[in-house]
Amino acid sequence: MTPKVLAQLDQLDADLAQLLDRLMQEPHSVLAHKLSPERWSAYEVLQHLMLSEAGSLRYLKKKSQGLSQMKKAGYRAALRSWLVTVTLKSPLKFKTPKGTGVEVFSPVESFALLSGQWQKQREEMRQFLSELPLEIFEKEAYRHPRGGMLTIGGMLQFFKVHFERHSLQIARTIHEVTPR
C-alpha cells in the first residue's frame, strides 16, 4: 500500500471513530426515527454508507484479479475523481445506486452492533488493500457508479466526501428529531 493510501485510510478511520463516538451518545429511538417516509433515519444513512463501501470493496476484489487488463491511470482518472468530489460537495441530490438504498436496509437492533459491523468492514478493507501489489495503486482499478474509472486513491477520496456529505445529513436529522 502506498503512503498516500495509508494516510487516506487513517483519516477515514479517524472520521468514522469520531462520528461513532458522537452517535453513541444518542438514544436508539433518535437514531431510528424517520421524519417522513421519504427521508432516511440516521441508522439508514449509516447503512447506506456501509453498503456503498462494501459494494466498492467487492468490486475492487473482483477487479484486482485482472491487474494486467487495467489501464494505467492518467489525467482523466484524476479529472473524474475531482468531478466526483465537486459533485458530492454540491447541494444537489442524487438517486442512490442499486443495492445501497431503502430496498436493502434492515432494521437496526443496536447501535453497538451496527458500529461493530462497520469497524470490522473497515478492518477487512485495510487488510485487503495492504495485500495488493503496489502497481495496482497506479491503475484505474475502481468503477464509481456515476464517475467512472478511478484509482484506489480516487475511491478513498470518494469515500471521504461521501462520508462528509452524509455526516452532515445525520447531524441535521438528529437535530430535527431531538426534542428541544
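The values are calculated or read from the model by the stated rules, or taken from the named source; none is laboratory data. Only a predicted model underlies this, so the values are computations on that prediction, with no experimental measurement involved. Cβ coordinates were reconstructed from backbone atoms using ideal geometry, including for glycine residues, and neighbour counts include every protein chain displayed.
Summary of computed values
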item	result
Qualifying residue in the stretch 119-137 (condition: touching a strand residue (DSSP E or B) at 6+ places or on another chain (Cβ under 8 Å) and crowded, with 19+ Cβ neighbours inside 10 Å)	no
Long-range neighbours under 6 Å by Cβ, at least six apart or interchain, first residue more than 18 Å from residue 170 (Cβ to Cβ) within the stretch 108-126, second assigned to a helix (DSSP H, G or I) and not small (Gly, Ala, Ser)	125/57; 126/9
Any hit, the stretch 8-22, residues being over 30 Å from residue 133 (Cβ atoms) and among the hydrophobic types (A, V, I, L, M, F, W, C)	yes
Test: residue in the stretch 73-81 that is within 20 Å of residue 157 (Cβ to Cβ), touching a strand residue (DSSP E or B) at 6+ places or on another chain (Cβ under 9 Å) and not in a helix (DSSP H, G or I)	yes
Single condition residue 58 does not satisfy, out of (1) touching a helix residue (DSSP H, G or I) at 6+ places or on another chain (Cβ under 8 Å); (2) modelled with pLDDT of 95 or more; (3) closer than 22 Å to residue 141 by Cα; (4) not aromatic (Phe, Trp, Tyr)	(1)
Where residue 96 falls short, out of the listed (1) in a helix (DSSP H, G or I); (2) touching a helix residue (DSSP H, G or I) at 6+ places or on another chain (Cβ under 7 Å)	(1)
Members of the stretch 88-114 that are surrounded by 14 or more Cβ atoms within 10 Å (Cβ to Cβ) and among the hydroxyl-bearing types (Ser, Thr, Tyr)	96, 100
Enumeration of residues in the stretch 144-180 that are in contact (Cβ under 8 Å) with a residue 24 or more places away in the chain, under 23 Å from residue 43 (Cβ atoms) and not in a helix (DSSP H, G or I)	145, 178
Test: residue 151 is among the β-branched types (Val, Ile, Thr) and either farther than 30 Å from residue 36 by Cβ or surrounded by 13 or more Cβ atoms within 10 Å (Cβ to Cβ) (or both)	yes
Residue ID - farthest from residue 162 (Cα to Cα), chosen from residues in the stretch 62-81 that are surrounded by 13 or more Cβ atoms within 10 Å (Cβ to Cβ) and at pLDDT below 95	67
Residues located in the stretch 8-57, provided they are assigned to a helix (DSSP H, G or I), free of Cβ contacts under 8 Å to residues at least 12 places away in the same chain and surrounded by 13 or more Cβ atoms within 10 Å (Cβ to Cβ)	17, 22
Sole residue being at pLDDT 95 or above and closer than 21 Å to residue 71 by Cβ, chosen from 111, 163, 159, 137	137
